[in-house]
Amino acid sequence: GMSIAVLGPTFPNLAANVRKNVSDIYYIFVGRSLGYLGGSVLGGVLFDCMNASLLLALSMLGTTAGLYGIPWCKESLLLTILMSVIGGSMGILDTGGNVLALNTWGSEAGPHLQALHFSFAAGAFAAPILAKMALGGSESEELPGAEKTNQSVLKSVPTASAASTTPALKDHNNEDFLWSYIIIGTYILFVSIFFFVLYSKDSSARDKSKASAQKGTLAKYHWPLVGLLFVFFLFYVGAEVTYGSYVFTYAMVFAEMKESEAAALNSVFWGAFAMCRAVAIFGAAFLYPGTMILMSLLSSAASSSALAFFARYRASLWVGTAVYGASMATVFPSGISWIEQYTVVEGKSASLFVVGAALGEMCIPATVGYLQGRFHHIPVVMYAAFVTSVMTVLLFPIMYKLANAPQENDLKEVSDSETRAALLSNSRLTEDEDEEDVREWNDADFEVIEMNDKLKSSLMDTSHKIPGDSPAEVSLQPHLDDVLGNSPGVAGGSSGRQNGNVDWEKSE
């Protein structure tokens, strides 16, 4: 944040250092943007095969070298090369910071990602203050046209005051301007040293990060989801940078505000942006990333609608700008936390997110500036904010649908569970049938036993009625149970008893 924001207030000094007009060195922004894109892509590849702490340390070391070299640069080509080096280092840092946060905290990375992106806003806020302190306030005294010259950079219109004041800047403020870059470069150097120490203490960080990344599984539509998020971030970041860059001009031209009021409106946007990112650090601990994205998208849609159709009212312009800035604050870190819940975010995936954001930062402001130059009486910046908000609102439900698509393994598990349930239900039916069969057999056994009892009683009655039985034979009837039980104790019985046994066997 400090490395990017320090360029604004020191831009006239850089032009004086290379003996150019401020409108003639616009290509240093192109060089930095191209370096940022290249660094994002390169970082995505390197983070999958290098130690994260080492790569971050090297990237910050490259930023330090660029910041140290810029104040001493006397040629515009060399200045552009140094800006490209800084852009590439920051692209690697942006990609690696998000990946390292996800690999370190996993599903609990929401508050940490919000804090990471808040640090960008804090650095961007602190750098202009540091630059003004380094310049010692002499710029306002010696160069009354410097502020107007800086505004000409936004409008890309050369001014005569820029050419006339560059010698004064070179003579009086070059030494003070030098210190702002050295202070920021030294701060980044200390941070890179801490990353080198972290790398030396934990040489297995790469293996740990890879192991943590392999814990999850890729979503069914992983790359379509990554592609849609690429487009989503392109519109979101493009809208954020576009409004922050052109709201000052809109306030001056369309709202007919004074310069101080227009600057205050611009500060309201970035102030609400920074404050909401600070609050989101604590809010991310209680809210799901998807909930935060939905709240941000609804707020941006409502505020951009008010800005597009009711900006002629001062109250609507001020409130809409504040709400729009606040709604933009949490989308990028929440989007990375959200997609991490559904798929694995590695270096290549994260680099695509950063590249999408960088392309939005380059293309959408340039497109809005071109259209605004063609259609002077139409507030293109407000309509651009509305259109980009509509696009993000439409894209998020599609991404949510793709993220929640069931995987083939899940479908297989569901079918297996249904099969097991069917088998269990069939086994229960079989057990019930077995139990019914057992009950039927038991009932049959009881019927047989009852029949045997009746048979016994009938045999005993007939044995009493057999003619020729002696009283001795009648007295032997209590032992009939032994005979019915096939007892062998009747071998020496009389013929009458033998006939009775044979009759009983026949009847049985």
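Assorted remarks:
- Against the test of being part of a helix (DSSP H, G or I), open to solvent by 20 Å² or more (accessible area, probe 1.4 Å) and assigned by the TED database to the domain that holds TYR246, the options SER327, SER299, SER337 yield a single qualifying residue, SER299.
- Of all residues in region 17-74, those that are β-branched (Val, Ile, Thr) and modelled with pLDDT of 90 or more total 2.
- Test result for ASP48, within 20 Å of the chain's Cα centre (by Cα), in a loop (DSSP other than H, G, I, E, B) and either surrounded by fewer than 22 Cβ atoms within 10 Å (Cβ to Cβ) or among the charged types (D, E, K, R) (or both): yes
- TYR36 being in contact (Cβ under 8 Å) with a residue 40 or more places away in the chain, more than 21 Å from ALA124 (Cβ to Cβ) and either buried (at least 20 other Cβ atoms within 10 Å of the Cβ) or not hydrophobic (A, V, I, L, M, F, W, C) (or both): no
- Checked against the criterion of being part of a helix (DSSP H, G or I) and open to solvent by 30 Å² or more (accessible area, probe 1.4 Å), the candidates LEU54, LEU67, LEU79 yield just one match: LEU54.
- When restricted to residues that are of a type in the set (A, V, I, L, M, F, W, C) and closer than 20 Å to ALA358 by Cβ, region 68-100 contains 10.
- If you check ALA366, ALA322 for being surrounded by fewer than 22 Cβ atoms within 10 Å (Cβ to Cβ) and modelled with pLDDT of 90 or more, only one passes: ALA322.
- If the condition is being assigned to a helix (DSSP H, G or I), farther than 15 Å from THR321 by Cα and open to solvent by 50 Å² or more (accessible area, probe 1.4 Å), then region 253-285 contributes VAL253, GLU259, SER260, VAL279, PHE282.
- Count - residues of region 167-207 that are among the small types (Gly, Ala, Ser) and modelled with pLDDT under 80: 4
- Restricting region 1-20 to residues that are open to solvent by 10 Å² or more (accessible area, probe 1.4 Å) and of a type in the set (Gly, Ala, Ser) leaves a set whose member that is nearest to the chain's Cα centre (by Cα) is GLY1.
- Filter pass, TRP318 being within 30 Å of MET50 (Cα to Cα) and touching a residue at least 24 places away in the same chain (Cβ under 8 Å): no
The values are calculated or read from the model by the stated rules, or taken from the named source; none is laboratory data. Since the model is a prediction, treat every value here as computed from it, not as a measurement. Glycine also receives a Cβ, built like all others from the backbone with ideal geometry; neighbour counts cover every protein chain displayed. The area values use the complete protein model at the heavy-atom level, side chains included, leaving out ligands, DNA and RNA. Shrake-Rupley method; radii C 1.70, N 1.55, O 1.52, S 1.80 Å.
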